[in-house]
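*Asks:* Sharing a structure here in structure tokens format.
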Amino acid sequence: MKMPVVSEIWKAKLDKPFNAMALAVIFRSSGLSFIVGCEDGMVRIYDLSAKHLDEKPKTVLETKSGPIQCLTVHDVTRFYHNDLIVGDSCGMLTVFCNRQILSRQSLSSDSIICSTVVEDNGGSPVIVCSNDSGVITGVQPTEELWRIDLNSLSNKNPSSIVKITCLLAIHITDATGNKRQYLLVADNAKRIHVISNGTLVSSLNAPTNITAMTQGRFIPANKLSLPSGQSLSSDAEQVALGSSSGSVYILHNLNITLDDYVNTKHPITNLCTLPQPENSTDLLLCSGHFSSLHLYRDGQLLMEYPTSDWVSNIATADIDDDGALEIIIGCMDRTVQALKI
């Protein structure tokens, strides 16, 4: 197996601590922006290039609320280019459209920790966010559409609050050959809940608590250790599941592998797919409670790229217009690095 070579493109240290980041074309900008949600409740947007990240943000947006815990970039208004969706520790969901606050919704007294966007049956975008007391909410900028409280499900220990650890919107092919969108929600009770259009479809038992998820092609279907009787499909979509134990499992056809794909020996907080269209499987990027970025392929560790601190965020984007995705990582010590493979 050919070993990848990872080189640093640029490195910067931000002035303010941040919890969430994204790279996207946003509002009316023509190129990529680097977006961070900060502890002081501000969103800071930077210009970036193949050679450097600007020292000062070009735009600072005030949420008028608490520390930002998650952010998502998506065109939910269909007015301009992508909008910015921000969740914070006060339970406030703020949507920015063209640099202005479009809506502020108080969804919870608890912190909003995860957010994503799915589509309803009519193709309209729905913002989905979860708080740290087990509630998942689907909203549009003007109204709440649905709400699911995982604590109302069968709970073996009613005195403990179910906490959501991560969520992911995925597209998979169903038995009739049609692509369908599902929302995967992992909790601290070793479960992954499958949601479609605001309805809980099923709940899967995981070997341990799942803390990070990403979709891609990670291992040939005929090499997966699935429960007996499960059908295999070589082109089915897969989801890598990172856990608090350090193990990574593979979700295939909504079944979880019995054996781990890899094991970092430390809690995992982030997974990211680096597509490899010229190969049969993709690269898996992994970070957690260790000061390095791990690269895996086919269940093998290819590299541990050393970092200045724990990696809190991973994103990919083509920042030099060469047709290949670069990796941008954010660390706990406010360091941001752009890497090329």
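*Asks:* Computing the accessible area with a 1.4 Å probe over protein heavy atoms, can you report the carbon and sulfur percentage for the stretch 28-77?
*Replies:* Ligands and nucleic acids excluded, carbon and sulfur give 46 percent.
*Asks:* In debye to the nearest 20, how big a dipole does the stretch 88-186 give about its Cα centre with +1 on each Lys and Arg Cβ and -1 on each Asp and Glu Cβ?
*Replies:* Dipole magnitude for the stretch 88-186 comes out near 160 debye.
*Asks:* Rounded, prolate or oblate: which fits the stretch 156-208, taking a ≥ b ≥ c as square roots of the Cα gyration tensor eigenvalues, rounded meaning a/c under 1.5, else prolate when a/b beats b/c?
*Replies:* Prolate, since a/c reaches 1.5 and a/b exceeds b/c.
*Asks:* Determine the share of the stretch 108-226's accessible area contributed by carbon and sulfur atoms, expressed in whole percent, with a 1.4 angstrom probe.
*Replies:* In the stretch 108-226, the share of accessible area belonging to carbon and sulfur is 47 percent.
*Asks:* Per residue of the stretch 325-341, in order, report the coupling 6.51 cos²θ - 1.76 cosθ + 1.60 (Karplus, θ = phi - 60°) as ³J(HN,Hα) in whole Hz, putting x for Gly and Pro.
*Replies:* With the stated coefficients, the stretch 325-341 comes to 7, 9, 10, 10, 10, x, 10, 4, 8, 6, 7, 10, 10, 10, 10, 10, 9 Hz.
*Asks:* How much of the DSSP beta bridge set in the chain is antiparallel, as a percent to the nearest 5?
*Replies:* For the chain, the DSSP antiparallel bridge percentage is about 100.
*Asks:* Could you pull out the pairs from 13/56; 16/51; 16/56 whose alpha carbons sit more than 20 Å apart here?
*Replies:* 16/51
*Asks:* Please go through the stretch 109-218 and write out the trypsin sites (Lys or Arg not before Pro) that DSSP classes as loop and that have at most 11 other C-beta atoms within 10 Å.
*Replies:* Listed in order of number, the matching sites are 156.
*Asks:* Which one of 289, 274, 220 has its Cα pushed farthest toward the positive end of the charge dipole of the chain, where Lys and Arg give +1 and Asp and Glu give -1 at the Cβ?
*Replies:* 289
*Asks:* Which aspartates and glutamates have a Cα lying under 12 Å from the Cα of residue 58, excluding residues fewer than 8 positions away in the same chain?
*Replies:* 47
*Asks:* What residue among 257, 269, 211 shows peak mean-square fluctuation when the chain is described by a Gaussian network model with Cα springs under 10 Å?
*Replies:* 257
*Asks:* Name the residues whose placed amide hydrogens come within less than 5 Å of the amide hydrogen of residue 113, ignoring near sequence neighbours (fewer than 5 apart) on the same chain.
*Replies:* Those lying under 5 Å, H to H, from residue 113 are 130, 131, 132.
*Asks:* Using only alpha carbon pairs under 8 Å that are at least six residues apart, calculate the relative contact order of the chain and give it in whole percent.
*Replies:* Relative contact order for the chain comes out at 12 percent.
*Asks:* Can you give the extra length, in nm with one decimal, that the chain gains between residue 201 and residue 78 once fully stretched, where that is 0.36 nm per residue apart less the Cα-Cα distance?
*Replies:* Between residue 201 and residue 78, full extension yields an extra 41.3 nm.
*Asks:* Please list, in chain and number order, the residues 5+ apart from residue 302 or on another chain whose amide H is under 5 Å from its amide H, with Hs placed from the backbone.
*Replies:* The answer is 295, 296, 297.
*Asks:* I would also like to ask the following. Output the peptides 171-178, 108-115 sorted from most to least packed, where packing is the average of other Cβ atoms within 10 Å over each peptide's residues.
*Replies:* So the peptides 171-178, 108-115, ranked by packing, come out 108-115, 171-178.
*Asks:* In addition: Just the number please: accessible area per residue for the stretch 134-220, 1.4 Å probe, all protein chains included, in Å².
*Replies:* 47
*Asks:* In addition: Going by a ≥ b ≥ c, the root eigenvalues of the Cα gyration tensor, does the stretch 246-341 fall in the rounded group (a/c under 1.5), the prolate group (a/b larger than b/c) or the oblate group?
*Replies:* oblate
The values are calculated or read from the model by the stated rules, or taken from the named source; none is laboratory data. Because the structure is a prediction, the values reported are computed rather than measured. A quick note on method: Cβ atoms are made from the backbone with ideal geometry, for glycine too, and the neighbour counts reach across all protein chains shown. What goes into the accessible areas is simple: the full protein's heavy atoms, side chains included, and nothing from ligands, DNA or RNA. Shrake-Rupley method; radii C 1.70, N 1.55, O 1.52, S 1.80 Å.
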